[in-house]
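Engineer: Before I ask anything, let me first share the structure, which is written out below as structure tokens.
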Amino acid sequence: MTELLCKGTEQDREEIIDFANYVFSFDHEPHNFVKMVPRLYGAESASEQYHYLVRENGKIKALLCSYPMEIKVGDAALKLAFIGTVSVHPYSRGKGYMKRLMNAAIEDMKQDGADFAALGGQRQRFQYFGFENGGMEHRFSFNRSNLRHAFRNVSEMMDAVPLDKLGKEDWDCAYSLFQRQEVRGKRSREEFPAMLHNWNSTPYALLSDGEMKGYFSAEGKILFELVLKDEALLLPTIKSAMEHLHMDRAVFKAADYEEKRIALLSSVCEESTTLCNANYRIFHYDKVISAFLKVKQQYSPLQDGAIILEIDGERTAVTVQDGKISVGQVCSSAPVISLGGLEAVAFLTAPLCARRRVEARRHPFLPSWFPIPLYTASLDEC
């Protein structure tokens, strides 16, 4: 038996899709990756080169996708690698194929200058490769009783903003609205329609007098990526979506930096939870901390202070002085907090971290800094 670890090519496209469909359908429920993730597997995609394959005697027995993308975070641009479609043939498990694929992908991320990486999946499974639960999202759920009681005053505005499926004539306007977001994954205009269909979702437009007021995508009870010209349309849009799409329950996610949206949603929802956003591994702590601290500063004041983070033996200083954020330059007089890589992700980005609570007793400014609002949108995930 011969084994080969290689990167995918255009000629591998059909085999990659068939293999992923087979493995995920075998383990879970019927999967159709062409429909489920058109960003990667749709007719216009060309993602084969981002797939790592293990072949036995010429046949694929394991694969994963490591998709590079750019995240705009305020004035900064961060390089993200998102891992998905991790799959091993059921009869080839236990041979270490996933380990080989993950290690190869991570080594390439480092070589390509990725600032951080993200993936979904079972926590402990990916801790072996330096990934830990982190980031932060707020999740809100709504039911029919909420509509009857808390949404009574939005009916008039709702009627003025009807929903319709996004048509070809709407894509330019929707893309323009998307581009206005301060934190967003970089998407080309060409791939934007496919992105709004990721995860079997359907995009909808809010139209009034021939003008687009916003858009969102929906799949089942989940409302993805609700982008509006005017946040006053938030509740009318949720109510319209639930009634138009016959939802008994709707779930909506918000990033921590969406402060006004969080305040409004939390006042009318049935339930709200705060949880980790994904599994993350950070390669360039200085860039990630700096970018997201500056975003956090816009909605939550940062107290003055200085620390040195020693993460896996490498030191990064973080200083806030009179509103000015400095990350990277080491100040020998600052106290040192030593962390391992997994612990650092939780310390810096997770909603709850026991170590951070302990350190806050010695450094009272820490709760105003961390967690940073690290977040990746569902439609950007692979």
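The values are calculated or read from the model by the stated rules, or taken from the named source; none is laboratory data. Not measured: the values here are computed from a predicted model. Note: ideal-geometry Cβ built from the backbone for every residue, glycine included; neighbour counts use all protein chains shown.
Engineer: Are any residues in segment 8-52 closer than 25 Å to Lys95 by Cβ, touching a helix residue (DSSP H, G or I) at 6+ places or on another chain (Cβ under 7 Å) and among the aliphatic types (A, V, I, L, M), and if so, which ones?
Structural biologist: Ile16, Ile17, Ala20
Engineer: Taking the options Leu352, Leu309, Leu374, Leu302, name whichever one is outside any loop (DSSP other than H, G, I, E, B) and either at pLDDT 95 or above or in contact with a strand residue (DSSP E or B) (Cβ under 7 Å, 6 or more places away or on another chain) (or both).
Structural biologist: None of the others qualify; the one that does is Leu309.
Engineer: Quick check: is even one residue across segment 1-20 more than 26 Å from Tyr285 (Cβ to Cβ), among the acidic types (Asp, Glu), part of a loop (DSSP other than H, G, I, E, B) and not assigned by TED's automatic domain parsing to the domain that holds Thr202?
Structural biologist: Checking segment 1-20: not a single residue is more than 26 Å from Tyr285 (Cβ to Cβ), among the acidic types (Asp, Glu), part of a loop (DSSP other than H, G, I, E, B) and not assigned by TED's automatic domain parsing to the domain that holds Thr202.
Engineer: In segment 91-137, what count of residues is obtained for those that are surrounded by fewer than 20 Cβ atoms within 10 Å (Cβ to Cβ) and either among the β-branched types (Val, Ile, Thr) or farther than 21 Å from Ala344 by Cβ (or both)?
Structural biologist: Counting residues in segment 91-137 that are surrounded by fewer than 20 Cβ atoms within 10 Å (Cβ to Cβ) and either among the β-branched types (Val, Ile, Thr) or farther than 21 Å from Ala344 by Cβ (or both) gives 12.
Engineer: Out of all the residues in segment 222-254, which are in contact (Cβ under 8 Å) with a residue 40 or more places away in the chain and charged (D, E, K, R)?
Structural biologist: Result: Glu225, Lys229, Lys239, Glu243, Asp248, Arg249, Lys253.
Engineer: Of the residues Val295, Val345, Val318, only one is among the hydrophobic types (A, V, I, L, M, F, W, C), outside the structural domain of Ala77 (by TED's automatic domain parsing) and not in a helix (DSSP H, G or I); which?
Structural biologist: Going through Val295, Val345, Val318 in turn, just one is among the hydrophobic types (A, V, I, L, M, F, W, C), outside the structural domain of Ala77 (by TED's automatic domain parsing) and not in a helix (DSSP H, G or I): Val318.
Engineer: Which ones in segment 207-248 are more than 21 Å from Glu182 (Cβ to Cβ) and of a type in the set (A, V, I, L, M, F, W, C)?
Structural biologist: Listed by number, the residues that qualify are Leu207, Ala218, Ile222, Leu235, Ile238, Ala241, Met242, Leu245, Met247.
Engineer: Would you mention how many residues in segment 61-90 are surrounded by fewer than 16 Cβ atoms within 10 Å (Cβ to Cβ) and among the charged types (D, E, K, R)?
Structural biologist: Number of matching residues: 2.
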